[in-house]
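Quick notes on the structure that follows.
The values are calculated or read from the model by the stated rules, or taken from the named source; none is laboratory data. Bear in mind the structure is a predicted one, so any value in this text is a computation, not a measurement. Every residue, glycine as well, gets a Cβ built from its backbone with ideal geometry; the counts of neighbours run over all protein chains shown. Protein only, heavy atoms only, side chains kept; ligands, DNA and RNA dropped before computing areas. Shrake-Rupley method; radii C 1.70, N 1.55, O 1.52, S 1.80 Å.
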Amino acid sequence: MKLIQVADYEEMSRSAAELVYTELENIRTLGLATGGTPLGFYEALRERVRQEGRSLQHLHTVNLDEYLGLAADHPQSYHYYMNEVLFQHTDIPSPQTHLPAGDAEDPYAEAARYDELVTRLGVDLQLLGVGANGHIGFNEPGSSFHGRTDVVRLAEGTIRANARFFGEGERVPEQAVTMGIGTILESRRILLLASGARKAEAVRALLHGAMSEEMPVTALQTHPDVTVIADEAALSLSR
Ligand code: GLP
């Protein structure tokens, strides 16, 4: 595992965008993540792409997850998020951008379809954030390290943490379709971003802890090509 230590959120975002930008010609399928962590990364990446007038027409993208019950045009859906932060600013052909359909009539069939799609495309580089409890994608503590894309239930703490993106009184979905840990581990390369003291325990477990399904992020210890970009606060328990 390669660790890149940075001072703060801004440096994490810039350094991740630089890493992905310089790798672009070697990436056909880029795995994407959502949440607060990669917002600065997407901003820096789209700015770099704009400045250089770089075409991303060759890219295929697969996102980790989507809330169950949210259609693509719902402002809190990850479809909507990705359009806002990346897709609409680039020339990636929209049929080449993929997320699980949160409003599929049969979410289990949708999960199976999505897993097959991700496997067929083959992810060259997968971007990841991490939950305070160590979740990756929406794979909460207790998830199998061999898990495939599936319908899952969110942990109470995750629902609370994600409530900040929803309006007051708006219900946060309690289920999602997420790539499984087994699916994620098939990516050729993984780039995990972590910022802030809230992530310090998960980062400590990733870098120094024992592998345990109670801390899903520790599954990455088995992967041969993981880069972690973490800031001082996220590394505060790792010294
Ligand atoms: C969310 C997402 C994850 C994300 C994590 C951390 O629930 N499903 O992909 O990495 O939680 O979120 P944040 O970056 O907002 O702290």
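Could you pull out the residue among E23, E84, E43 that is at pLDDT 95 or above, away from the ligand (no atom under 16 Å from the Cβ), over 14 Å from the mean Cα position of the chain (by Cα) and among the acidic types (D, E)?
Working: E84 fails: away from the ligand (no atom under 16 Å from the Cβ); E43 fails: away from the ligand (no atom under 16 Å from the Cβ).
It is E23.
For the range 125-158, which residues satisfy the criterion of being touching a residue at least 12 places away in the same chain (Cβ under 8 Å), more than 9 Å from the ligand (Cβ to nearest atom) and surrounded by fewer than 18 Cβ atoms within 10 Å (Cβ to Cβ)?
Within the range 125-158, P141, G142, S144, H146, V151, R153, G157 meet the criteria.
Can you tell me which residues in the range 205-221 are open to solvent by 20 Å² or more (accessible area, probe 1.4 Å) and part of a helix (DSSP H, G or I)?
Scanning the range 205-221 gives L207, H208, Q221.
Condition first: more than 16 Å from the ligand (Cβ to nearest atom) and open to solvent by less than 10 Å² (accessible area, probe 1.4 Å). Can you find one or more residues in the range 112-121 that meet it?
Step one: of the range 112-121, the residues more than 16 Å from the ligand (Cβ to nearest atom) are 112-113, 115-117, 119-121.
After this cut, where a residue has to be open to solvent by less than 10 Å² (accessible area, probe 1.4 Å) as well, the list is none.
No; the residues of the range 112-121 include none that is more than 16 Å from the ligand (Cβ to nearest atom) and open to solvent by less than 10 Å² (accessible area, probe 1.4 Å).
Do any residues in the range 213-226 that are more than 17 Å from L127 (Cβ to Cβ) have Cβ atoms under 7 Å from those of residues that are open to solvent by 20 Å² or more (accessible area, probe 1.4 Å) and not in a loop (DSSP other than H, G, I, E, B), where the two are at least six apart or on different chains, and which pairs are they?
Sorted first by the residue in the range 213-226, then by its partner, the pairs are T222/L185.
Go through the range 46-79 residue by residue and tally those that are assigned to a helix (DSSP H, G or I) and either surrounded by fewer than 23 Cβ atoms within 10 Å (Cβ to Cβ) or more than 16 Å from the ligand (Cβ to nearest atom) (or both).
Qualifying residue count, the range 46-79: 7.
In the set Y114, Y108, which member is among the hydroxyl-bearing types (S, T, Y) and under 17 Å from the mean Cα position of the chain (by Cα)?
On inspection, the qualifying residue turns out to be Y114.
Checking the structure you have, find out if any residue of the range 88-105 is part of a strand (DSSP E or B), at pLDDT 95 or above and either more than 16 Å from the ligand (Cβ to nearest atom) or among the basic types (K, R) (or both).
Yes, the range 88-105 contains a residue that is part of a strand (DSSP E or B), at pLDDT 95 or above and either more than 16 Å from the ligand (Cβ to nearest atom) or among the basic types (K, R) (or both).
What number of residues within the range 160-190 are within 15 Å of the ligand (Cβ to nearest atom), modelled with pLDDT of 95 or more, of a type in the set (A, V, I, L, M) and in a helix (DSSP H, G or I)?
First, the residues of the range 160-190 that are within 15 Å of the ligand (Cβ to nearest atom): 160-166, 172-181, 183-184, 187, 190.
The next check asks that each one be modelled with pLDDT of 95 or more; those that pass are 173-181, 183-184, 187, 190.
If we keep only those that are of a type in the set (A, V, I, L, M) too, we end up with 176-177, 179, 181, 184, 190.
Then drop every residue that is not in a helix (DSSP H, G or I), which leaves 181, 184.
Residues flagged as within 15 Å of the ligand (Cβ to nearest atom), modelled with pLDDT of 95 or more, of a type in the set (A, V, I, L, M) and in a helix (DSSP H, G or I) within the range 160-190 amount to 2.
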